[in-house]
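Here's the structure we're looking at; comments come further down.
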């Protein structure tokens, strides 16, 4: 059946409209205008020059945190609080080319429901011991660098991870600094996990729609399975296959020095993004609806 240019345009419009929804960027309600430079200043600070404002410049100071609002770090340093459980008070936090410093004693938890990172951002463990960072939904673009000093470890728990950004794990000095990752759903993430320096550990298996890049200065505690769309080790891309701990530790002994003979493996396979199928079907359905209305 021949499809007229006008009908094709209607189909394309349906897909484009839906794509516009998925690519929309959240508009912030509040912004930082100064760096949060000490432990008395933090991401829930209001009525302060280091707190939130209603505009990137000018505007007025926020009087309280709004659980329905979007907050933009606006290129400024931002800190969590030194609390046993520290929950960000807004709906969404945009790390916009900023440094996020996680504060608090070992074992303390910093938590945010929805995080958007864009541009060149940094997440840093700002205290000794092991900090915990929990994110319900993380959307990422640009490069987010995780850093930590000696004897500082970070456990990051993510519910849903999406976007095409790069996560660069780069401990200051030690390859033994542990970055523990627990990701419930990373299938919609199409970017890269790069371990420049530091140890990758996990409490559960996880899947990434993007790539895993391990350098000679990184270490992996392969106690659970990892599935990725591509895998690089020492700059060489491995072909699609499943690589068990025995093979990896024998071939790359300096990197895979700990793991599980039963569950430790890395599988390289194409990971279909769940939203891609829904996107195409939804766009076609909208186009069909428009065609029917035209008729």
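The values are calculated or read from the model by the stated rules, or taken from the named source; none is laboratory data. Computed from a prediction, not measured in an experiment: that's the story for all the values here. All Cβ positions, glycine included, derive from the backbone under ideal geometry; neighbour counts span all protein chains shown.
Quick notes
- Exclusive hit being at pLDDT 95 or above, in contact with a helix residue (DSSP H, G or I) (Cβ under 8 Å, 6 or more places away or on another chain), closer than 22 Å to residue 142 by Cα and crowded, with 19+ Cβ neighbours inside 10 Å, set 229, 187, 211: 187
- Cβ separations smaller than 7 Å between residues 6+ apart or across chains give the following pairs from the stretch 259-286 residues that are closer than 17 Å to residue 187 by Cα to residues that are modelled with pLDDT under 85: 279/18; 279/22.
- Matching option when the condition is farther than 24 Å from residue 178 by Cα and either out of contact with any strand residue (DSSP E or B) (no Cβ under 8 Å at 6 or more places or on another chain) or at pLDDT below 95 (or both), among 241, 278: 278
- Scanning the stretch 147-161 for residues that are crowded, with 23+ Cβ neighbours inside 10 Å and either within 21 Å of residue 71 (Cα to Cα) or touching a helix residue (DSSP H, G or I) at 6+ places or on another chain (Cβ under 9 Å) (or both) yields a single hit, 161.
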